[in-house]
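Would you mind keeping the following structure in view while I ask a few things?
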Amino acid sequence: MAGKTTEKLVSVQFTKPYGRYSKGDVAGFPEEQATKLKDKLKVAIDPATAKKAADETK
């Protein structure tokens, strides 16, 4: 895999359908794109936040 850089991925959980992703899907994205999905587009959140919210509703 010469020439490939290893970029850390950030997990997000979708709160709305977006592209090929459905509500509830979890996927990894480069940090800049994950931030855009969460903060600008408001279609995803941090999976830990989603789990905490789900636990509180039980």
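The values are calculated or read from the model by the stated rules, or taken from the named source; none is laboratory data. Everything numeric here is computed off the predicted structure, so don't read it as measured data. Glycine gets a Cβ as well: all are built from the backbone with ideal geometry, and neighbour counts include every protein chain shown. For the accessible areas, the whole protein counts, side chains as well, though only heavy atoms, and no ligand, DNA or RNA atoms are used. Shrake-Rupley method; radii C 1.70, N 1.55, O 1.52, S 1.80 Å.
For Thr15, what residues show an amide H to amide H distance below 5 Å, using hydrogens built from the backbone and excluding near sequence neighbours?
Long-range HN contacts for Thr15: Gly24, Ala44, Ile45.
To continue, here is another question. Heavy-atom accessible area per residue, region 1-57, 1.4 Å probe: how many Å²?
Result: 80 Å² of accessible area for each residue.
Which one of Gln33, Thr6, Thr57 has its Cα pushed farthest toward the positive end of the charge dipole of the chain, where Lys and Arg give +1 and Asp and Glu give -1 at the Cβ?
Of the listed residues, the answer is Thr57.
Excluding Asp25 itself, calculate the net charge of residues whose Cβ lies under 15 Å from the Cβ of Asp25, where each Lys or Arg counts +1 and each Asp or Glu counts -1.
+4
Step through the residues of region 21-33 one at a time and calculate ³J(HN,Hα) from phi using the Karplus curve (6.51 cos²θ - 1.76 cosθ + 1.60, θ = phi - 60°), rounding each to whole Hz and writing x for Gly and Pro.
For region 21-33, the Karplus curve yields 9, 9, 4, x, 5, 10, 8, x, 9, x, 3, 4, 5 Hz.
Given Cβ point charges of +1 (Lys, Arg) and -1 (Asp, Glu) and nothing else, what value in debye, to the nearest 20, does the dipole of the chain about its Cα centre take?
It works out to roughly 180 debye.
Tilt of helix 47-56 relative to the longest C-alpha principal axis of the chain, in degrees (0 to 90, nearest 10)?
10
With each label point set 7 Å from Cα along the Cα-Cβ vector, what nm distance links Glu7 and Lys36?
1.0
Lys pairs in the chain, Cα-Cα under 15 Å, at least 8 apart or on separate chains: how many?
Within the chain, the lysine pair count is 7.
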